[in-house]
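Derivation of every value follows stated rules applied to the coordinates shown; laboratory data play no part. All figures in this text were calculated on a predicted structure; none of them were measured in a lab. Neighbour counts run over all protein chains shown; Cβ positions are idealised from the backbone, glycine included.
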Amino acid sequence: WGSDNRAIRKGKWIGKPARRLEDPRYLTGAARYVADLELPQMLHAVYVRSPHPHARIVSIDKSVLPGLGKTVFAFTGEDLRDVPPLIDHVALDNLLRTPQPVIAIGKVRFVGDAVAIVLAADRYAAEDAAELLSSAVEYEELPPVPNVAASGASDAALLFEELGTNEIYREAITHGEVDEAFAKADRVFSARFDHNRYMAAPMETRGVLANYDRADQQLTVWSSTQMPHFLRSVIAGQLGLPENKVRVIAPEVGGGFGMKMCTVPEEIAIPFIATQLGRPVKWIEDRHEHLIAATHAKQQSINLEVAVTNDGKVLGVRGEFVGDGGGYSFNTESALIEPALAAKALPGPYRIENYREEVGAFLTNKSPVAAYRGVGWTAANTARELLFDEAARGLGIDPAEFRRRNMLRSDELPYLSCTGQVYDSGSYLESLDKALEAVDYQAFRQRQEELRKQGRYIGLGISSYVEQTAWGSESSAQAGTPLPSHDNATVTVDPSGKVTVAVSVSSHGQGHETSLAQIAADGLGMDIKDVVILHGDTSNTPYGLGTYASRSAVIGGATVARAAADVREQILQVAGKMLEASPEDLVIEDGKVSVAGTPSRFKTLADVAYAAHWDSEVRNSEPLLSATRFYDPPANYANGCVVALCEVDADTGVVTLDRIVAVEDCGMVINPMIVEAQVHGAIVQGLGGAMLEHLIYSDEGQPLTTTYMDYLVPTFSDVPPIEVISIETPSPFTVGGIKGMGEGGQIAAPAALANAVADALAPFGARIEKLPITPDYVLRLMGKIG
Ligand code: MCN
Ligand code: SMO
């Protein structure tokens, strides 16, 4: 191993579409989520949440609650004054901080802001008591700040008076010679793009169960989280407990999609109350609460200008990215997460050397914005790809050809982008060409022309992308939000020869119990069925940051590969003594260690493992087959291209999606079936954001989309056939050449869909400036309604 730290042992499993080992328990209903857990003496928590977008809390009269302190308990912000507020700690000097108490103190800043927590022995009693307490909260309403325009107005009410402004960040950075580029340009195209506010809306809402055990003074928190170790660090810090007295368990997590990445106030308040009451406390969010109080995502406004030559060469780009952060700049991430990441991601797979990025972020009286799959990158990709199509149309150049003229060729990689990102490797042009070939691009254009003559409007949209993957320290620094990040895995072979792999990444639907087992199985020459992956529990996994930013294949995979390689050495040492052969002459395959070329001279892995623990003649100096290894990878970037085909009904404005083709290049693929399914899932979520999902607030700051009747998530019937084509360009920088891919589909799909609609409506001169693309928006674009 030592000579090449980037090698990975590829045997019978890596690259195979192995069926997911975790699926039987999902399919049979045996999987257990936070809501399924019951503890003796457990209390159920229900939140009292603000009905006002912006108000002072004048008083809360707990005395209205019958049985207060005996059968019913209530906690307000004042009761939790000793718990420090949550603050974002992004390392940016000029970002104004907005401390968020875990229950509001003095003031509420959005409809859904936590005002009190009520507890009772069952959920029904707690709901009734919470309703009673809600009516005993006196508010003094303040003028609402419903959007960025209102937030920036000179007479706007301030969410944090002490800051003297609602604009918590503004910064402009110039890369290269931007003004010169615009001065030289033949044409300048510009566009405004308003990205809609929508949200992850995982099948499982948020939920926390906390229990403080007085016997061993240990706090155990079960939370539907993506980052158990990080959450433990935050809880210990917030509650002033030694970290080794806090255990965090992420049981089954029914989707996180970024929303369950950062620490939420509920994850601090519920454990605190459990320590105060000395009884287990469970809070399970309901769907209405989820839609108003869980973090929202994606909303930002982008103004883009592109300077081009008449033959379609991009000379420079100017962009302004303004985030609508909601009531608090959200802890561990900040309101910058959308606009700042979008600004850095804007160049994408193109050769853009001159670029000015300006980033601003405002507070508004809405639920805070935090991560959701493809955070920032989705908005950047959509704005850029829409504008590139617009420019191509304006110049009379085919949109695919326009892209080709500006796209980085494989032989230009590794490439240092103007925003400081090192694209390690990829297949940008090949991905575009493969996607177009799959849909028979030329034939489509002919058909489009013929159908237009009949008054039918079909369209094709292209979206090329790079996806920054595998956040380690370097990737996060290149994204502009530096955060030391690394992970660990411990691989252990027990005396019976079975393998347990404990990882710090934390699967919540991605199938790590299979894909990481494939890596361990190849590393140790055995079957994946003999490998158990432990994750999501701080008491039996090594420290690490968990699963987000498409980091687990690269980082989790490498930690497992490295630890397995060390254990393999330990096995070979023992087996060498048993077989009286030099360890270099041994091979491990199918659970057997044999002498190369003489397969009849072998020991089973079980024999070797037994001897390694119990036979003092042959065992190693440490009678254990186990190793822990860490990994913090260099930055790496996956890439791909999504092409969507649609038809727009000119009478109703309804868009029918006919077909989506996605080319995905994530380097060496561990499990092609999982990768394909991840692409499908991400595209469907992107489709939701592009066509259906919209969290709408009234001008008074009231949320109007508070059930799934108003907030439309895509269903099976909204999804066209999706074909996934794989290209494998290994990263020269990562272990095994693996790159991540969990977000690519959602980064790319909205632009493909929006461009398809814009292409269909080109005869109407339509320009898509916002999402979702609803039928009434389409009719507006066609000039059919005002
Ligand atoms: N994979 C592979 N070969 C590669 C790359 C990935 O086989 N070259 C496999 C991995 O082994 C893993 C899966 O594909 O099983 C995704 O890997 P990766 O891209 O590393 O992403 P993560 O596992 O770190 O998952 C995070 C990513 C993110 S950031 C969001 S958001 C998202 C996503 O995963 N949230 C999800 N997909 C999700 N899928 C489900 N079901 N639920 C979520 O909450
Ligand atoms: S938004 Mo994904 O958890 O990085």
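Entry for segment 702-759 at q = 0.18, 0.29 Å⁻¹: log10 I(q)/I(0) = -0.92, -1.21, Debye formula applied to identical alpha-carbon scatterers, no solvent contribution.
Please list 87-96, 127-136, 535-544, 100-109 highest first by mean number of surrounding beta-carbon atoms within 10 Å per residue.
On the way: 87-96: 15.2, 127-136: 17.6, 535-544: 20.6, 100-109: 22.3.
The densest-packed peptide leads the list: 100-109, 535-544, 127-136, 87-96.
When Rg and Dmax are taken over the Cα atoms of segment 326-428, they come to 16.0, 49 Å.
In summary, the aspartates and glutamates within cross-link reach of LYS62, defined as a Cα separation below 20 angstrom excluding same-chain residues under 8 places away, comprise GLU78, ASP79, ASP82, ASP113, ASP122, GLU127, ASP128, GLU131, GLU138, GLU140. For segment 51-120, the Kirkwood hydrodynamic radius comes to 13.8 Å, computed from all pairs of different C-alpha atoms. Any chance you could list P(r) for segment 220-359, counting all Cα-Cα pairs in 10 angstrom bins from zero, rounded to whole %? Per 10 Å bin, starting at zero, the Cα-Cα P(r) for segment 220-359 comes out as 10, 31, 25, 17, 12, 5, 1, 0 percent.
Length gained on full extension, ALA762 to ALA157, computed as 0.36 nm times the residue gap minus the Cα-Cα distance: 213.6 nm.
Here's the list of lysines a cross-link from LYS592 could span, going by alpha-carbon distance under 23 Å and ignoring same-chain residues fewer than 8 apart: LYS10, LYS12, LYS16, LYS498, LYS529, LYS577, LYS603. Largest first, the three principal axis extents of the alpha carbons in segment 94-141 are 47, 24, 14 Å in whole numbers. Show log10 I(q)/I(0) for the chain at q = 0.04, 0.08, 0.09 Å⁻¹, two decimals, from a solvent-free Debye sum over equal Cα scatterers. Result of the Debye calculation: -0.18, -0.69, -0.87.
I'd like the FRET efficiency for GLU401 and VAL188, computed as 1/(1 + (r/R0)^6) with the beta carbon distance as r and R0 of 25 Å, rounded to 0.05.
On the way: r = 20 Å, r/R0 = 0.80.
Rounded to the nearest 0.05, the efficiency is 0.80.
Can you list, bin by bin at 10 Å, the percent of alpha carbon pairs in segment 730-786, starting at 0? Going out from 0 Å in 10 Å bins, segment 730-786 shows 21, 36, 17, 14, 10, 2 percent. What the phi angles of segment 169-184 give under the Karplus curve with 6.51, -1.76 and 1.60, with θ = phi - 60°, is a coupling list of 7, 7, 7, 10, 10, 10, 10, x, 10, 6, 4, 4, 4, 5, 5, 7 Hz, glycine and proline written as x. Please work out the FRET efficiency for the pair HIS613 and SER473, using the Cβ-Cβ distance as r and a Förster radius of 41 Å; give the result to the nearest 0.05. Step by step, r from the Cβ atoms, then E = 0.65.
Tell me, in nm to one decimal, what length is gained between ARG601 and LYS529 on full extension, where the rule is 0.36 nm per residue of separation less the Cα-Cα distance? Present the calculation step by step, with values, prior to reporting the outcome.
On the way: separation 72, 0.36 × 72 = 25.92 nm, distance 2.48 nm.
Contour length minus the Cα-Cα distance gives 23.4 nm.
Only aspartates and glutamates eight or more places from LYS739 in sequence, or on another chain, were considered; those with a Cα closer than 12 Å are ASP424, GLU467, GLU664, ASP665, GLU728.
In this rough spin-label picture, where each label sits 7 Å from Cα along the Cβ direction, the ASN540-THR165 distance is 5.2 nm.
Its Cα gyration tensor gives segment 280-334 an equivalent ellipsoid, and the semi-axes of that ellipsoid, as √(5λ) in whole Å with the largest first, are 42, 12, 9. Of the residues TYR212, TYR711, TYR124, the one with the fewest other Cβ atoms within 10 Å heads the list, and the complete ranking is TYR124, TYR711, TYR212. Cα centroid separation, segment 665-736 to segment 416-465: 19 Å.
Eigen-decomposition of the gyration tensor built on the alpha-carbon atoms of segment 120-226 gives equivalent ellipsoid semi-axes of 47, 25, 17 angstrom, largest listed first.
When each of the peptides 290-299, 570-579 is scored by the mean number of other C-beta atoms lying within 10 Å of its residues, the order from highest to lowest reads 290-299, 570-579. Starting from the Cα of GLU138, step 7 Å toward the Cβ, then list every residue of segment 93-130 with an amide N under 16 Å from that point. 106-107, by backbone N distance to the label point.
Spin-label pair ALA31-SER410: with each label point 7 Å from Cα along the Cα-Cβ axis, the two points sit 3.7 nm from one another.
Pairwise inverse Cα distances across segment 26-78, averaged and inverted, put the Kirkwood hydrodynamic radius at 15.0 Å. Using the Kirkwood radius over Cα pairs, work out the Stokes-Einstein diffusion coefficient for segment 490-587 at 20 °C and 1.002 mPa s, in µm²/s as a whole number. In µm²/s, the coefficient rounds to 154. Using the structure shown, list the pairs from LYS298/LYS453; LYS184/LYS784; LYS184/LYS344; LYS245/LYS298; LYS245/LYS366 with a Cα-Cα distance above 30 Å, or answer none. With Cα atoms farther than 30 Å apart: LYS298/LYS453; LYS184/LYS784; LYS245/LYS298; LYS245/LYS366.
Taking N as the number of residues in segment 565-663, what is its alpha-carbon radius of gyration divided by 2.2 N^0.38 Å?
Details: Rg = 26.8 Å, N = 99, 2.2 N^0.38 = 12.6 Å.
After normalising by residue count via 2.2 N^0.38 Å, the value is 2.12.
Evaluated over the Cα positions of segment 386-441, the convex hull gives a direction-averaged projected area, one quarter of its surface, of 4.6 nm². Volume per residue of the convex hull around the Cα atoms, evaluated for segment 662-707, comes out as 114 Å³.
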